[in-house]
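Before any comments, here is the structure.
Laboratory data are not the source of any read-out in this text; all were calculated from the coordinates shown. Remember, it's a predicted structure, so these values are computed and weren't measured experimentally. Neighbour counts are summed over all protein chains in view; Cβ atoms, including those assigned to glycine, are modelled from backbone coordinates with ideal geometry.
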Amino acid sequence: MKILITGGTGYIGSHTCVELLNENHEIIIVDNLYNSKKTVIEKIQNITNKKVKFYEADVSDKNRLENIFEENDIEAVIHFAGLKAVGESVKMPLTYYRNNIDSTLTLLEVMSEHNCKNLVFSSSATVYGEQEEPVYVESMKRKEPSNPYGKTKAMIEQILEDLSISDPEWKITLLRYFNPIGAHKSGEIGEDPNGIPNNLMPYILKVAIQELPELTIFGKDYDTKDGTCIRDYIHVVDLAKGHIKALEHLTKATPGTYIYNLGSGQGISVQEIVTTFEKVNNIKIDYKFGPRREGDLPGFYSDASKAYKELGWKVEETLETMCKDSYNYIKNQKQ
Ligand code: NAD
Ligand code: WQD
């Protein structure tokens, strides 16, 4: 299949490109390199020994996107492109709404014009908002996310559902990711954000390579097993494989909108992550406890059974391999 990958040089996109190439799909990447580097293309090609077509372009640029669709016979799109930093989205809401919504609308218009109506969209567990129960199931109604980033995801889900109702030719899959961590086993691709990281694993990695002095664990007084927050961490390669399964399903499915959680189905605490990271990598992570971070929910994780039943997908990696592969990647970058 010939697939357009928006945001394909980013963290999750690059791992998905590797898995798609391994399955002999033909891929075309479009990315404006706002949050990734062009060298990722080479790395994807080195890992897979396959060629990738790359366009450095903004998905909101309609003319460029039209040209890309004219030059390539695209059968499906996986739409990763977007801005994703929660704190930044609170400070720069217009930038987030403009980028995430505009690029999606442009993409959908161009896809429609070219009669390409198969789409997999990168959604997020954030669209559940705060539910009564900690186990998030697809049948739960969306609740308003607490920040503009999350709201763009909920709005895009709504736009896609409306589109699917208006034009029954569309086949759309919304994949709600939980907390992706880890990296490709080659150590070539992974996540290494610029500046001081906001997310837990990138922060631990900076402490591990002594670029930051210590981790602050946000809160030790939550009503959880050890007082620290619970999340559902998923290895990025498992997540990437979920996209292949979603695409295979989509091609056979009847038109409409499909929603799947992609998570491990397991709640892990911040303290457990730190302890496991230290153990499997035989390294000490200096940390202290600080106050709760504003907006953090105490704990939630996925019910991942729908993806297993309908897509035949489940995670294969463990917390140990997530911690090991993350560290392997960062060490490899610093060599
Ligand atoms: P990332 O920042 O590493 O990748 C996103 C890519 O999109 C980047 O390479 C960036 O340069 C590109 N991009 C952004 N806006 C663009 C535009 N207008 N035109 C072209 N390219 C553009 O992020 P990621 O972690 O790989 O996330 C991929 C997707 O998954 C995002 O939509 C994100 O919101 C979603 N998601 C991520 C997480 C997570 O924790 N990483 C969780 C849930 C959902
Ligand atoms: C995980 C846990 C923190 C940093 C975010 C987005 C969400 C989704 C995934 C895109 C929390 C704790 C963190 C630190 C800490 N992204 N922590 N010290 O907040 O669960 O989810 O990324 O859709 O929308 O909100 O991920 O990695 O920031 O935090 O103690 O320095 O680690 O309190 O419990 P989060 P995270």
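The distance between label points at Thr39 and Asp226 comes to 3.5 nm (points 7 Å beyond Cα on the Cα→Cβ vector).
Taking all Cα pairs closer than 8 Å and separated by 6 or more residues, the relative contact order of segment 234-335 comes to 45 percent.
Look at where the Cα atoms of segment 66-97 and of segment 1-62 average out, and the two centres are 13 Å apart.
Using a Gaussian network model of the chain whose springs link C-alpha atoms within less than 10 Å, name the residue from Val77, Val280, Val237 with the highest mean-square fluctuation. It is Val280.
Mean sequence separation of contacting Cα pairs (under 8 Å, at least six apart), scaled by the length of segment 1-45, corresponds to a relative contact order of 47 percent. By the beta-carbon count within 10 Å of each Cβ, the least crowded to most crowded order of Val315, Val135, fewest first, is Val135, Val315. Summary value for the chain: 19 percent relative contact order, contacts being C-alpha pairs under 8 angstrom separated by 6+ residues.
Annotated for segment 156-292: lysine pairs at least 8 residues apart or interchain, Cα distance under 25 Å, count 20. When the alpha carbon coordinates of segment 177-267 are projected onto the principal axes, the ranges are 52, 37, 20 Å, largest first. With runs of 4+ DSSP H residues as the only contributors, calculate the mean residue ellipticity of the chain at 222 nm using -39,500 (n - 2.57) per run, divided by the residue total and rounded to the nearest 500. It comes out at -11500 deg cm²/dmol, rounded to the nearest 500. Once the gyration tensor of the Cα atoms in the chain is diagonalised, the equivalent ellipsoid follows with semi-axes of 31, 23, 19 Å, ordered largest first. Taken along its principal axes, the alpha carbon cloud of segment 295-335 reaches lengths of 42, 32, 15 Å, longest axis first. Phi angles of segment 166-180 translate, via the Karplus equation with coefficients 6.51, -1.76, 1.60 and θ = phi - 60°, into HN-Hα couplings of 6, 9, x, 7, 6, 10, 10, 10, 9, 9, 9, 7, 8, 9, x Hz per residue; Gly and Pro are given as x. Cα-based values for segment 210-335, radius of gyration first and Dmax second, are 17.4, 53 Å. Seen from every direction in turn and averaged, the convex hull around the alpha carbons of segment 84-159 projects onto 5.6 nm².
The aspartates and glutamates whose alpha-carbon is closer than 19 Å to the alpha-carbon of Lys141, local same-chain residues fewer than 8 away aside, are Glu130, Glu132, Glu133, Glu157, Glu161, Asp162, Asp303. Close amide H contacts of Ile230 (hydrogens built in the peptide plane, cut-off under 5 Å, sequence separation of 5 or more or a different chain): Gly299, Phe300. The distance from the alpha carbon centre of segment 264-280 to that of segment 176-229 is 10 Å, rounded to a whole number.
Quick one: among Ile285, Ile209, Ile12, which has the greatest mean-square fluctuation in a GNM of the chain with alpha-carbon springs under 10 angstrom? Per the Cα network of the chain with a 10 Å cutoff, Ile209 tops the list.
Express in nm, to one decimal, how much length is gained between Glu161 and Lys62 on full extension, taking 0.36 nm for each residue of separation and deducting their alpha carbon distance. Don't skip to the end; give the middle numbers.
Details: separation 99, 0.36 × 99 = 35.64 nm, distance 2.22 nm.
Gain on stretching Glu161 to Lys62: 33.4 nm.
The length gained on full extension between Thr251 and Asp296, counted as 0.36 nm times the residue separation minus their Cα-Cα distance, comes to 12.5 nm.
Rounded, prolate or oblate: which one fits segment 125-210, using the alpha carbon gyration tensor with axes a ≥ b ≥ c (rounded when a/c is under 1.5, else prolate when a/b beats b/c, else oblate)? Cα axes put segment 125-210 in the prolate bin.
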